[in-house]
Amino acid sequence: MLSRFKKSYKLFKNIKPYSKNFLENDGHKIYYEECGNPHGKPAVFLHGGPGGGGSTKVRGFFNPKLYRIIIFDQRGCGRSEPHGCLINNTTWDLVEDIELLKNKLNIKKWLVFGGSWGSTLSLAYAQTYPDSVSELVLRGVFMLRKKELDWFYQDGASRIFPEAWEGFLEPIDEGDHHNLMDAYHKIFIGNNEKKKMKAAIAWSKWEGSVSTLNHKPDMISSYSESKFALAFALIENHYFVNKGFLDSEDQLIASESIDKIRHIPAKIIQGRYDIVCPMETAWELKKNWPEAELIVAPSSGHSAFEKEITHELVRATQEFAKND
Ligand code: STX
């Protein structure tokens, strides 16, 4: 795939925002920035977690000469305030923020780009506002079903990364090991701040430790930073105990839902060895959505910064840039 005979796509570098601002909605101040070409093709980046926040690096998935790039930090995380706030913080609140932001920026349709939880939110948004979406780029897809949560937070990924898993179990009493999602939730809604912080770091570190195929100490330490970890862990856990605020667990992947968006050009980019969001989900999504293109990166894990995955993501935005 990355053979020397073919072009290999890399992140665009040193892109600076030409505008930074906040969207105010429901007591939340939502940070957003615009980069690239103000007259370019509009694209919105939806970050993962939920609770992960955007970063300066993700600007680089889009050619700044061709795209008007909009990046925002979802409620309660990143540069948005109040930090870690779970009030009025649901999937459908985020969907409304995206549409409000689009209208505020006078955009008719935009390319929606999301990985992991960002792919979940992309589908929730596109199925609610199909006329707002010109194309979809989905990576490491996650439909928030019980089997996906169980795989990552109870029994599955634990068998592949047993040493990292020990760290995830550490803050939880042995008697509560049969339901780790609820055990973490009890700590997160409690008032022992020290215990909460320790648990948030363990939660976040687990995800950071298994997101790449090869061990990346830098990545693990950035997930363990306490301000990041607290919002990431509290928000993820809040969304997951609430089953993503979905009406049914297959809401986003069901044929009736896909029917609403199957006319939208879509690429699904998936690492074969994604341990956070195993490829089974991408395969099931593709089956319900034959028009979508499934691209498997054969030697990659979950992260958007895996070499092959970055290559495929940038290739996708370059190809979609040719569309009106
Ligand atoms: N959560 C997967 C996810 O969306 C189950 C995710 N994992 N790491 C991230 O997001 C960040 C890169 C945003 C921290």
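The values are calculated or read from the model by the stated rules, or taken from the named source; none is laboratory data. Computed from a prediction, not measured in an experiment: that's the story for all the values here. Cβ atoms come from the backbone with ideal geometry, glycine included; neighbour counts cover every protein chain shown. These area figures cover heavy atoms from the full protein model, side chains too; ligands, DNA and RNA do not enter into them. Shrake-Rupley method; radii C 1.70, N 1.55, O 1.52, S 1.80 Å.
The combined condition, being out of contact with any His (no Cβ under 7 Å at 6 or more places or on another chain) and touching a residue at least 24 places away in the same chain (Cβ under 8 Å), is fulfilled by Gly51.
Checking each residue of the range 252-265 against the condition of being farther than 19 Å from Ala126 by Cβ and within 16 Å of the ligand (Cβ to nearest atom) gives no match. Go through the residues of the range 36-50 one by one and say whether even a single one is open to solvent by 70 Å² or more (accessible area, probe 1.4 Å) and either modelled with pLDDT of 95 or more or away from the ligand (no atom under 16 Å from the Cβ) (or both). Yes: the range 36-50 contains one or more residues that are open to solvent by 70 Å² or more (accessible area, probe 1.4 Å) and either modelled with pLDDT of 95 or more or away from the ligand (no atom under 16 Å from the Cβ) (or both). The condition of being open to solvent by 10 Å² or more (accessible area, probe 1.4 Å), assigned to a helix (DSSP H, G or I) and within 16 Å of the ligand (Cβ to nearest atom) holds for Met181.
Residue under question is Ser222, and the condition is that it be outside the structural domain of Lys205 (by TED's automatic domain parsing) and either of a type in the set (Gly, Ala, Ser) or in contact with a Ser or Thr (Cβ under 6 Å, 6 or more places away or on another chain) (or both); does it hold? Criteria not met by Ser222.
Just one of the numbered conditions (1) more than 30 Å from Trp203 (Cα to Cα); (2) more than 19 Å from the chain's Cα centre (by Cα) is not true of Leu111: (2).
Of the helices (runs of 4 or more DSSP H) entirely within the range 233-324, those holding at least 1 residues that are in the same structural domain as Leu111 (by TED's automatic domain parsing) and under 17 Å from the mean Cα position of the chain (by Cα) occupy 280-288, 307-320.
Give the residue that is farthest from the ligand (Cβ to nearest atom), with candidates limited to residues of the range 67-91 that are farther than 14 Å from Gly114 by Cα and among the charged types (D, E, K, R). Residue satisfying both the conditions and the ranking: Arg68.
In this entry, Leu94 passes the filter for residues that are within 16 Å of the ligand (Cβ to nearest atom), open to solvent by less than 60 Å² (accessible area, probe 1.4 Å) and free of Cβ contacts under 8 Å to residues at least 60 places away in the same chain. Only one entry of Pro64, Pro162 meets the criterion of being open to solvent by 10 Å² or more (accessible area, probe 1.4 Å), outside the structural domain of Leu285 (by TED's automatic domain parsing) and more than 16 Å from the ligand (Cβ to nearest atom), and that entry is Pro162.
Considering only residues that are within 16 Å of the ligand (Cβ to nearest atom) and closer than 24 Å to Phe12 by Cβ, look in the range 278-306 and name the one that is most open to solvent (accessible area, probe 1.4 Å). So, considering only residues that are within 16 Å of the ligand (Cβ to nearest atom) and closer than 24 Å to Phe12 by Cβ, the one most open to solvent (accessible area, probe 1.4 Å) is Phe305. Summed over the range 6-28, residues that are over 18 Å from Val44 (Cα atoms) and surrounded by 15 or more Cβ atoms within 10 Å (Cβ to Cβ) total 3.
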